[in-house]
Each structure stands twice: as structure tokens, then as C-alpha cells.
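Read the figures in this text as sums done on the coordinates, not as results from a lab. This structure is a prediction, so every number in the text was calculated from the model and none was measured. Neighbour counts run over all protein chains shown; Cβ positions are idealised from the backbone, glycine included.
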Amino acid sequence: MKKTFLQFISLTLLIISITSCSKDDPEIIGTTTEFTIKSSIINDDYPISVYQSPLYNGNPNNEIIIVLDGELHFTEIASIISEKAANGNIAPTLVVGIGNLKERNRDYTPTIYEHGEGGAENFYNFLKDELTPQLTTRYNIQSTQKATLIGYSFGGLFTHYAMFQNRSDNPFNKFISGGCSFWYDSGVIFEYEKNYASNNTDLDVKFYSGMGSLEGGVSLGSFAEMTNRLTGRKYSRFQMKTEIIKKHGHSGADNITFKNGLNYLYEN
């Protein structure tokens, strides 16, 4: 019996191995490098993955994309950008994935709540005051260059949070949010939106937001509410597209959101 069980386990592992090997990895044409940055603001280390599409040289016409939850999403987004670059549908691009997945509940949440530690302000300052200067030096980026920020779930929550920060020194002018955790702390992100609107007459950004149709009533209702609020502000330079990803739930809509969002942000 013991031998039969071991043979079953071995066969199962072999099938898994064959299945895994047969799945094609995304083809990425360009250069990928990695380094680690220590944040004195947060007192933590962040592994950074960087993809440079062909011809990237730091020219102001190049694009910079910052990806949250880099361990999960960097490869997929780099693959999408690689394909767009090969087809001439985007300028030479630098894609930067930020790791440290285990601390996302700390870094991406704006307030202290049951499922988060309220570290969004520190993490935003890390992006603005520590990561951005390092990237500027390492990759010959112009100091005035603005970037795209992409986040999903808690990362989508942080993306909204970053969009509602002061525009004059905000390092981002394009945003993609997917599956945003609008529910967090009883919808506290709506207070950030309201505060921004109370102190500003314009929102000069381009924004894409997606949500799976199977997410559930609270998520879909909050998604519609945020869309309606932003539309109702009538900011003159604000560009937005929101989309329900049909027949997908929270865990299945991420890559579709990224692809559709990138197509919208960088449409010809």
C-alpha cells in the first residue's frame, strides 16, 4: 500500500511538472535587471525588477511604468509592454516592479483598520522621495518625468490614494486600478476623493479602472459610486475610462484589467 501511494504521489508530481513546463512563459524582448533599495522612511528593503524595452534611453518621450505587487504582476506587464513596443504601439518604456509582497497590508492601506496598518503615506513618500530619485539616476530619467502607477486589489486602493495626492509634486500622471478594495475601512478612500475635490478645481491625469463582474454587490456598487463621483467633478483635464470585466471575479480580472488599461492609456 505504501509503495502504491508513493507511486501515485510521484505520478502526480510528474503530471504537474509536465503541465508547468508545457505552459509558455511570456516572451519579453528587451533587458531585465534587479536591485534592492533600502527605505529609510519605512525602514525596510524593497526588491526592484526593471524591464527596459528596446531603444529606451531616458528621453522625455519615453514612458515609465511603476507596478505594485511586483512579484505577482511585473512579468505580465513587462510582457504586454514588450509586445506593444514590438508593434510600435508605445514609446520605449521602463517598467519597474516593486516587491515586498508580505508587507502590502502595511504599505497600501491609508488608515489603520482590521486588515491593514495604514502605511500608505509612508509608502507614497518612499515612491516620491526615495525610489524616484534612484530611478532618475540609474536610468537617466529627466527630473520632471511623470510615471504611470498600476495596482490591483489593495494595490488598486493605493493607486486611488496616490491619485488624490497633491498634483504639484506627484510623480504620477497616469493610473491603472483594478479590483480596488473600496470596502477598506468603511470606504475611507471616498473621503480622500472628497478632500481632493474640496481643495482642487482640476485633476490633470489619465485614469483607467476595472472591476470583475463577479466581485459582488458592495464592490460593484462602490466602483459605480467612485465612477459617478469623478465624472460629476467635471475636471477639465481629467481623462477616465472605467470597465466591468465580464464573467470574471477578483482573482481572474487582473491581467485583463492591465491589458485593457494599458491599451487605453497608450492608445494611438
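Among residues that are in contact with a helix residue (DSSP H, G or I) (Cβ under 6 Å, 6 or more places away or on another chain) and surrounded by 18 or more Cβ atoms within 10 Å (Cβ to Cβ), residue 131 is not included. The set of residues in region 80-103 that are over 30 Å from residue 59 (Cα atoms) and either buried (at least 23 other Cβ atoms within 10 Å of the Cβ) or among the acidic types (Asp, Glu) (or both) contains only 103.
Checking residue 71 against (1) over 17 Å from residue 145 (Cα atoms); (2) touching a Leu at 6+ places or on another chain (Cβ under 7 Å); (3) buried (at least 21 other Cβ atoms within 10 Å of the Cβ), which test does it fail? Evaluating residue 71 over (1) over 17 Å from residue 145 (Cα atoms); (2) touching a Leu at 6+ places or on another chain (Cβ under 7 Å); (3) buried (at least 21 other Cβ atoms within 10 Å of the Cβ) leaves (3) as the failure. The set of residues in region 140-164 that are surrounded by fewer than 18 Cβ atoms within 10 Å (Cβ to Cβ) and not charged (D, E, K, R) comprises 140, 142, 143, 144. Check whether at least one residue in region 227-238 is within 21 Å of residue 66 (Cβ to Cβ), surrounded by 14 or more Cβ atoms within 10 Å (Cβ to Cβ) and touching a residue at least 12 places away in the same chain (Cβ under 8 Å), and report yes or no. So far as region 227-238 goes, yes, one or more of its residues are within 21 Å of residue 66 (Cβ to Cβ), surrounded by 14 or more Cβ atoms within 10 Å (Cβ to Cβ) and touching a residue at least 12 places away in the same chain (Cβ under 8 Å). Restricted to region 239-268, and to residues there that are loosely packed, with under 13 Cβ neighbours inside 10 Å and not charged (D, E, K, R), the residue that is farthest from residue 147 (Cα to Cα) is 251. Checked against the criterion of being among the β-branched types (Val, Ile, Thr) and more than 17 Å from the chain's Cα centre (by Cα), the candidates 80, 42, 48, 64 yield just one match: 42.
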